[in-house]
1. Once each part is reduced to its C-alpha centroid, what is the distance from region 1-79 to region 93-131 in angstrom?
2. Among (i) 43, 31, 29; (ii) 61, 39, 26; (iii) 120, 23, 21, which one is Cα extents along the principal axes in Å computed from these coordinates?
3. Tell me, what is the percent relative contact order of region 19-140, built from C-alpha pairs under 8 Å that lie six or more residues apart?
4. Could you list 14, 111, 34 in order of exposure, starting from the residue whose Cβ has the fewest other Cβ atoms within 10 Å?
5. Order 67-79, 119-131 from most to least packed using the mean count of other Cβ atoms within 10 Å.
6. Could you give the angle, 0 to 90 degrees to the nearest 10, between helix 117-140's Cα long axis and the longest principal axis of the Cα atoms of the chain?
7. What is the packing order of peptides 39-50, 82-93, taking the mean over residues of other C-beta atoms within 10 Å and listing the highest first?
8. Fewest Cβ neighbours within 10 Å first, please rank 114, 55, 146 accordingly.
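Please treat every number below as a calculation from the coordinates, not as lab data. For clarity, every value in this text was computed on a predicted model and none was experimentally measured. Backbone-built Cβ (ideal geometry, glycine too); neighbour counts: all protein chains shown.
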């Protein structure tokens, strides 16, 4: 695949808007390790190789365990995730795959046992944000494999 639009060719207002949301999400009170786990999982769902590479590396740098990352696609079948993480993974999957049948109310009820409404709103934005990044990266043809930690 060839790059269709390079980072430096992205309109500055588009990037500043995306980064404003990114900064908001990063300052919303969630641990970066958790956000990177979710970003990695959503990037898997969206089959975004560039973002999978990026968020694997960022998650490791944030202290995430490789075993939890390579197992996250099968999180329902593993003992590596807390009840809160499982609720958040389920919510992230339902937000990322809205056409698949899910009991959104049950997922919300479960998530609300672990985090506040404000946190649910901020977490939902973080899921929407990584979905947006995935779509940009795939549409623009960003090449996977060369990401270095802290390079945004």
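1. A separation of 17 Å, based on Cα centres.
2. (i)
3. Reported relative contact order: 36 percent.
4. 14, 34, 111
5. Highest to lowest by the protection proxy: 119-131, 67-79.
6. 30
7. Descending mean neighbour count gives 39-50, 82-93.
8. 146, 114, 55
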